[in-house]
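The values are calculated or read from the model by the stated rules, or taken from the named source; none is laboratory data. The structure displayed is predicted, hence computed values, not measured ones. Cβ atoms come from the backbone with ideal geometry, glycine included; neighbour counts cover every protein chain shown.
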Amino acid sequence: MSHRRPIDSWLTDMDGVLIHEGVPIPGAEAFIKRLRESGKPFLVLTNNSIYTARDLHARLKRMGLDVPVENIWTSALATAKFLDDQRPGGTAYVIGEAGMTTALHDIGYVLTDADPDYVVLGETRTYSFEAMTKAVRLINAGARFICTNPDETGPSTEGPLPATGSVAALITKATGKEPYFAGKPNPLMMRTGLNAIGAHSESSAMIGDRMDTDVLAGLEAGMETFLVLTGLTAEADIEKYPFRPSTVVRSIADLVDLV
């Protein structure tokens, strides 16, 4: 492996890189431990907006991965940061879980279905027809459509589940309005995350298991990119894309010595 420049800060995806179906991937614990000992700025990222950073800290710690709350960056936090920059103190109708609603409360947003500024669609395991109908009507009435992430499916022990991107497509079909996606592969999520830890893209690296979100987001943010083969992308899949990661490795274990 060779890389273009010294890496002073690291961003890494969570599912498929550090954990798989609730179990740490070999090398993940050593990688996080090395990062913390090095003192280098780092973030663990996830497009999943269900959980708060505090929730994820507790879940990861139970698995043996001690990631401080301030080193976790979710699509819900990126979405809230975007909305706070765009329209401080606004209102939103939210389809989502505590990760999204907490992030919006923390920036002073009012959650309402009465003429909101935004309809915000996040991840949930309980998408309801009633909520989607309300979202369609609010968007048709003038609310702006924001979505945490474009992932069409999510992992589960039983197999893939419909995710935010699939529900967004349904709402788009019903309204004719495309959402603005704040999460990966939008480089906005990477830039706001880098800003949160005081890091710069020129000296940062992104580790992920997906070409279409992780690698693309890192590439568009100007970062070095590492693709691990422990998640959704097989080595043969790389050739299907018009872009490539900087480096392909078998797993996070191969990157411990680079920190």
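Restricting attention to region 218-249, the residues being closer than 25 Å to residue 22 by Cα, within 22 Å of the chain's Cα centre (by Cα) and either of a type in the set (D, E, K, R) or assigned to a loop (DSSP other than H, G, I, E, B) (or both) number 7.
None of 26, 41, 6 is surrounded by fewer than 21 Cβ atoms within 10 Å (Cβ to Cβ) and closer than 17 Å to residue 68 by Cα except 41.
Within region 1-37, being at pLDDT below 95 and among the polar types (S, T, N, Q) holds for one residue alone: 2.
Please work out which residue is surrounded by the fewest Cβ atoms within 10 Å (Cβ to Cβ), limiting yourself to region 12-23 and to residues that are more than 16 Å from residue 249 (Cβ to Cβ) and within 14 Å of the chain's Cα centre (by Cα).
Ranking the qualifying residues of region 12-23, first place goes to 15.
The C-beta contact set for region 135-159 (first residue assigned by TED's automatic domain parsing to the domain that holds residue 115 and modelled with pLDDT under 95, second residue charged (D, E, K, R) and loosely packed, with under 15 Cβ neighbours inside 10 Å, distance under 6 angstrom, 6+ apart or interchain) comprises 157/21.
Here are some conditions: (1) acidic (Asp, Glu); (2) within 25 Å of residue 90 (Cα to Cα); (3) buried (at least 22 other Cβ atoms within 10 Å of the Cβ). Residue 151 meets all but one. Which one does it not meet? Unmet condition: (2). Residues that are buried (at least 22 other Cβ atoms within 10 Å of the Cβ), in contact with a Ser or Thr (Cβ under 8 Å, 6 or more places away or on another chain) and not assigned by TED's automatic domain parsing to the domain that holds residue 169: does region 111-128 have at least one? No, there is no match, as no residue in region 111-128 is buried (at least 22 other Cβ atoms within 10 Å of the Cβ), in contact with a Ser or Thr (Cβ under 8 Å, 6 or more places away or on another chain) and not assigned by TED's automatic domain parsing to the domain that holds residue 169. Within region 217-239, the set of residues being among the β-branched types (Val, Ile, Thr) and free of Cβ contacts under 8 Å to residues at least 40 places away in the same chain comprises 225, 233, 238. The residue that is farthest from the chain's Cα centre (by Cα), counting only those in region 177-191 that are farther than 9 Å from residue 148 by Cα and part of a loop (DSSP other than H, G, I, E, B), is 177. If the condition is being in contact with a strand residue (DSSP E or B) (Cβ under 8 Å, 6 or more places away or on another chain) and either in a helix (DSSP H, G or I) or crowded, with 21+ Cβ neighbours inside 10 Å (or both), then region 200-212 contributes 203, 204, 205, 206, 207, 208, 209, 210, 211.
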